[in-house]
Each structure stands twice: as C-alpha cells, then as structure tokens.
1. How large is the helix-only mean residue ellipticity at 222 nm for the chain, computed as the sum of -39500 (n - 2.57) over DSSP H runs with n ≥ 4, divided by its residue count, in deg cm²/dmol to the nearest 500?
2. Just to confirm the number: angle between the C-alpha axis of helix 34-49 and the first principal axis of the chain, 0 to 90 degrees, nearest 10?
3. Provide the three semi-axes, in whole Å and in decreasing order, of the ellipsoid equivalent to region 85-158 as defined by the square roots of 5 times the Cα gyration tensor eigenvalues.
4. Compute the acute angle (0 to 90°) between the alpha-carbon long axis of helix 68-85 and the principal axis of greatest extent of the alpha-carbon atoms of the chain; round to the nearest 10°.
5. Taking the alpha-carbon set of the chain, what are its Rg and Dmax in Å?
6. Over all pairs of distinct alpha carbons, what does the Kirkwood formula give as the hydrodynamic radius of region 79-119, in Å?
7. Mind checking which of F125, S93, V71 is farthest towards the positive end of the chain's charge dipole, using Cβ charges of +1 (Lys, Arg) and -1 (Asp, Glu) about the Cα centre?
8. Would you mind giving the average projected area, over all directions, of the Cα convex hull of region 19-94 in nm² with one decimal?
Amino acid sequence: MNLLAIETSTESCSVALLVGDALLVRSELAPRRHAELLLPMCEAVLAEAGLQKSALQGVAVGCGPGAFTGVRLAISAAQGVALGLDLPVVPVSSLAALALQAPAGDLPVLAVIDARMGEVYGGVFRRTAADALEALADEWVGPPDALQLPIAPGWAVI
C-alpha cells in the first residue's frame, strides 16, 4: 500500500510515506513553521520513493488532540491531497500514534502531550493480541494532577 501520513498537532512537523514495507519519514521540530514545511516534506518523501502522487492509495492524518492551528493545517492538507486524487482519508488520534511508540509489552500505555497553560492531553491504551491499540478510556485534557488512571500493576508512559 502507498500511504501518505501527515502529523502537525505538536511543535513537530512530520510526514511519512509507506510504500510497500518501506517507510520514508521527514520530521522537524519547527514551532510556527509547519505551513512552510509541510508540502515540501510531502514532495520530498514522494521524490525519494520515486512515486507520483497519483500512485497514492490513501492519506492518514493526525487529528489531534493538539494545537488547533496544527491540527487544522494537517487536516486541510490531507483533504486537499485526497480530494484532488479521489483518495480516502484516515483520521488517526495523535495520542494513539504516540502510544504506538511505547515499548511492546503487557503494560498499559499512558500517552501525554503538553497542552500548555498547565494542562496535558492524555490517552490510555493497551496493546491487543494483534499488537494494535485499544483505548481504555476517552482521551482528555486537564491538569496533570487531575489524571485518574485505571488500576494497573504498572504503566508505560510516553
């Protein structure tokens, strides 16, 4: 499958291209520069793969939670590419994508992102037998000390 993925909900601007089993990535910590970097990053991964946009089969997009402007930019770019090429768009929770980076194992995963002003976005997940993620509760935003986690013997935090 040829899938373009876009994530701009945090200070990091990221694009990935999955071509078969190969994954090409561009990512830069670039506060307030996402609009400038996003489309050139998309073009760069496509060029590196030697792939035309018309060969894409779908677009994945980080739908937050996160910075409103960043989420809006990613969704707009994803919809623009998908509309022009008649492709499906797959929304992906930014917290779930982050949780997938936690070490595999039996521990549930707490994924948190700084929401500013003394708050965090948070989501709790567990890996299924198929190594996918299952949300254990709704994603939330609030002060870190208000966090209430399900009872577990331990946690992987990312």
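The values are calculated or read from the model by the stated rules, or taken from the named source; none is laboratory data. These numbers were taken from a predicted model, which means no experiment stands behind them. Cβ: placed from backbone, ideal geometry, glycine included. Neighbour counts: every protein chain shown. Surface areas here come from the heavy atoms of the whole protein model, side chains and all, with no ligands, DNA or RNA. Shrake-Rupley method; radii C 1.70, N 1.55, O 1.52, S 1.80 Å.
1. Numbers: 3 runs with 40 residues, N = 158.
-8000 deg cm²/dmol, from helical runs alone.
2. Relative to the chain, helix 34-49 is tipped by roughly 60 degrees.
3. Numbers: eigenvalues 96, 69, 18 Å².
Over the Cα atoms of region 85-158, the semi-axes work out to 22, 19, 9 Å.
4. It is inclined by approximately 40 degrees.
5. Using the Cα atoms of the chain, the pair Rg, Dmax is 16.4, 49 Å.
6. On the way: mean 1/r = 0.0763 Å⁻¹.
Roughly 13.1 Å, rounded to one decimal.
7. V71
8. On the way: hull surface 20.5 nm².
Average projection, Cα convex hull of region 19-94: 5.1 nm².
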